[in-house]
Amino acid sequence: CTGGCAANGIISIADPKICAGESTILQMNLTGTGPWTVQISDGVTSSILGVASALTGIPVSPMATTTYTLINIQDANCSTTGTSQTMVSVSGILPNLTISGGGDICVGGYGTIEIDFSGTAPFGFVYT
């Protein structure tokens, strides 16, 4: 582009604090000449999206607190590296429980089971 590339963008989150299982909107405010192609990362995967409108949003449903990064913006004339980031804070994430061990135990004998928790402590459980 002569005189610099006009393609740029800012991303934000409509509701930056959600509960596990909910969704929110990743909003994009793009400059330059449409249509655009944007590359967005959630820190694990990267997605390339075609965007027709300068103001647009896509639903996201992260399972944990996630930072989204606008990696690249390409408009009808040129391409530039993105610099915008935004974060969704997810609360109410349920813990996971894995039980292993055990087997056949004779009357009066004993056995060992292992219980592994993952998630945010403290944990509690009831067994019978």
Worksheet item: What number of residues within the stretch 95-120 are in contact (Cβ under 8 Å) with a residue 12 or more places away in the chain and among the small types (Gly, Ala, Ser)?
Response: 4
Item to complete: Report, by residue number, each residue of the stretch 74-98 that is touching a Pro at 6+ places or on another chain (Cβ under 7 Å) and in a loop (DSSP other than H, G, I, E, B).
Response: ALA76
Response to the item:
Being open to solvent by less than 20 Å² (accessible area, probe 1.4 Å), over 30 Å from GLY119 (Cβ atoms) and either out of contact with any strand residue (DSSP E or B) (no Cβ under 8 Å at 6 or more places or on another chain) or touching a residue at least 12 places away in the same chain (Cβ under 8 Å) (or both) narrows VAL38, VAL60 down to just VAL38
Item to complete: Filter the stretch 50-73 for residues that are in a loop (DSSP other than H, G, I, E, B) and under 16 Å from MET87 (Cβ atoms) and give the result.
Response: SER61, PRO62, MET63, ALA64, THR65
Item to complete: Output the number of the condition that THR83 fails; it satisfies all remaining conditions of (1) more than 20 Å from CYS19 (Cβ to Cβ); (2) surrounded by fewer than 17 Cβ atoms within 10 Å (Cβ to Cβ); (3) free of Cβ contacts under 8 Å to residues at least 60 places away in the same chain; (4) touching a Gly at 6+ places or on another chain (Cβ under 8 Å).
Response: (4)
Worksheet entry | Tally of residues being part of a loop (DSSP other than H, G, I, E, B), open to solvent by less than 100 Å² (accessible area, probe 1.4 Å) and of a type in the set (A, V, I, L, M) across the stretch 99-128 | 2
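The values are calculated or read from the model by the stated rules, or taken from the named source; none is laboratory data. All figures in this text were calculated on a predicted structure; none of them were measured in a lab. Heads up, the Cβs are rebuilt from the backbone with ideal geometry, glycines too, and the neighbour counts pull from every protein chain shown. Just so you know, the surface numbers come from the protein's heavy atoms only, side chains and all, with ligands and any DNA or RNA stripped out. Shrake-Rupley method; radii C 1.70, N 1.55, O 1.52, S 1.80 Å.
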